[in-house]
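Taking it in order: structure first as structure tokens, then the write-up.
The values are calculated or read from the model by the stated rules, or taken from the named source; none is laboratory data. Here the structure is a predicted model, which is why all the values come from computation and not from measurement. Cβ placement follows ideal geometry from the backbone for every residue including glycine, while neighbour counts extend to all protein chains displayed. SASA here: full protein model, heavy atoms, side chains in, ligands and nucleic acids out. Shrake-Rupley method; radii C 1.70, N 1.55, O 1.52, S 1.80 Å.
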Amino acid sequence: MKMNEYEAVIEAALFVAGDSVSLSALADMIEMDKATTKAIVNTLITRYANENRGMRIIEIGDGYQMCTSPACFETIRKIYKGRERQPLTPALLETLAIIAYKQPVTKGDIEDIRGVNSDHAVNRLVEKGLVCEVGRMDTPGKPILFGTTTEFLRYFGFKSTEELPTLREPEMEGQMSIFTEE
């Protein structure tokens, strides 16, 4: 195969998948090593960005996904009749932030931090696919441990949870932001 054929196969696979495809799967598909496959995908990512196309290839976790370009989103949204994504409420965002930064975490730990019952918030986040059960704690009752999903990464545009903003301690009472500027 020629390089443009490898690129075409990768584009087609990402388009058809509709979800992220792991680097390993792409490498196996074109029968290349991961480093070469990653270089081909990065070439496609750059080409899509430089040519101002309506599609983008984004990195999510250990995989890649084809998605709509942010510049085209508003126009596409006007004609798309599908169900609009409901924004997250402050309670859901608060709960999601706790899970993202403390994962794996139990519902009890979340409630200790929030100071209120978090059953509904955690259940809604599970329904939305932003968090999932990642295991059970080895203590009496074996409480469920929750963590974020690849849908969480996609929703917020992160490649991995390492891209979460760094937390810092508030310097004074009443300070709104707990995230550092980087």
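Just a few scattered comments:
- Choice from LYS107, LYS78, LYS159 with maximal GNM fluctuation in the chain (Cα, 10 Å cutoff): LYS78
- Bridgeable lysines around LYS107 (alpha carbons under 22 Å apart, same-chain partners fewer than 8 residues away excluded): LYS128, LYS142.
- Residue among GLU51, GLU59, GLU31 with the largest mean-square fluctuation in a Gaussian network model of the chain, springs linking Cα atoms under 10 Å: GLU51
- Among (1) 19.8, 63; (2) 21.2, 76; (3) 18.9, 71, the entry that matches Rg and Dmax of the Cα atoms in Å as calculated here: (1)
- Helix runs (DSSP H) in the chain reaching 15 Å along axis by Cα, Kyte-Doolittle at least -0.5: 3-17, 34-50, 90-102
- Only protein atoms count toward the accessible area here, which uses a 1.4 Å probe; on the chain, the carbon and sulfur part of that area reaches 54 percent.
- Distances between every pair of Cα atoms in segment 75-170, grouped in 5 Å steps from 0 to the bin holding the largest one, split as 2, 12, 22, 22, 18, 11, 6, 4, 2, 1, 0 percent.
- Around the Cα centre of segment 11-167, unit charges on the Cβ atoms of Lys, Arg, Asp and Glu (plus for the first two, minus for the last two) sum to a dipole of about 540 debye.
- Computed over the chain, relative contact order equals 15 percent, with contacts defined as Cα pairs under 8 Å that lie 6+ residues apart.
- Structure-based [θ]222 nm, the chain - -39500 (n - 2.57) summed over DSSP H runs of at least 4, per residue, nearest 500: -14000 deg cm²/dmol
- Unsatisfied cross-links (Cα-Cα over 25 Å) in the set LYS78/LYS159; LYS102/LYS159; LYS38/LYS159: LYS78/LYS159
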